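One structure is given below, encoded as structure tokens.
No value in this document is a laboratory result; all are computed from the given coordinates. Because the structure is predicted, anything quoted here is derived from the model rather than measured. No Cβ is skipped: glycine too gets one built from the backbone with ideal geometry, and neighbour counts run over all protein chains shown.
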Amino acid sequence: MVVAQVDRSSVSRWNGLVTALPGRVGAVPPTVQVLVAIVSVQVGAALAKQLFAAAGPTGAVTLRLGLGAVVFVLLWRPSVRANWHAWPVILGYGLVLGTMNLCFYLALQRIPLGVAVTVEFLGPLAIALIGSRRWLDGLWALLAAAGVALLANTGGAVSPVGLLFALAAGGCWAGYILLGAALGSRTADGSGLALAAVVACLVVLPFGISESGQAMVQPTVLVAGLGVALMSSVIPYSLELSALRRIPPRVFGVLMSLEPAVAALAGLVVLGEALRPAQWVAVACVVAASAGATRIAKSPVDG
């Protein structure tokens, strides 16, 4: 009887948390949500890289997306039938999400975290600049390109294959932003995100099984993978989806101007990845380009 009472009490508290969570998250300003998401995802990426020795990059990304999907499903309890009208967007979002993370982790295997995110960041920066008729936005694009050129010409210290994987992840990131806005508008809560997370897990699962196999189910690896899933998927994706419901995709893209710098700092603090001076200049170029685009985007005058 006591056990049954405790179980019912625990379920009641969990249901209350799930019911109150969307309102609590929604009360946070969208700009703060994006900044918290940035820090969370970059620290999570640094922790994930430490899993490579045990599970490999594809095993680590499978754990991240798989355990993240489990948490999302338990949290939101999505209904396939209720979200039937949104399935084209859910499938597209999940496919882009899985491919983006797979390419990013393969890049992370070969190049430092700060470099990988700086190149990947060209995706959201392109969203911020596409369609602009301001001549100054062209200068921001050139500044970002100069930053990536610096990264690609550091005396052979950066893997070209790693840069290509990061660039592919950036293209997926652009699609993630656009589809995320559509997903947020077509679903009322996190149920669409939960279903998309399952799709993303299915995308990377064959690669994880092929490379890592039973290594992914070791208790210590599972615990570490759960931490990575929370930091890299559950927290940032929930915050970003909430923010995308309240701000346009273009504004969302340029608000993330600190992403490369935060990634470089996370790589330095967590992984001990010290970038060369030229690489820090490259990161600064991309950050400055995005910050400049952000300032222009907020201007009420269209030039």
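Structure above, values below:
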| read-out | value |
| --- | --- |
| Residue-span extension gain [residue 153 to residue 74] - 0.36 nm each, minus C-alpha spacing | 23.8 nm |
| Point-to-point label distance, residue 276-residue 205, nm (Cα→Cβ direction, 7 Å offset) | 4.3 |
| Residue order, fewest to most surrounding Cβ atoms within 10 angstrom, among 189, 137 | 189, 137 |
| Label-to-label distance, nm, for residues given as residue 85 and residue 136 (7 Å Cα→Cβ offset) | 4.2 |
| Alpha carbon centroid spacing (whole Å) that separates region 258-279 from region 194-218 | 28 |
| Residue order, fewest to most surrounding Cβ atoms within 10 angstrom, among 111, 90, 247, 209 | 209, 247, 111, 90 |
| Gain in span if fully extended, residue 50 to residue 215, counting 0.36 nm per residue against the direct Cα distance | 58.0 nm |
| Per-residue Cβ neighbour rank within 10 angstrom, fewest leading, 135, 76 | 135, 76 |
| Kirkwood Rh in Å, taken over all unlike Cα pairs in region 30-298 | 18.4 |
| Within-14-Å neighbourhood charge of residue 267 [Cβ basis; K, R +1; D, E -1] | 0 |
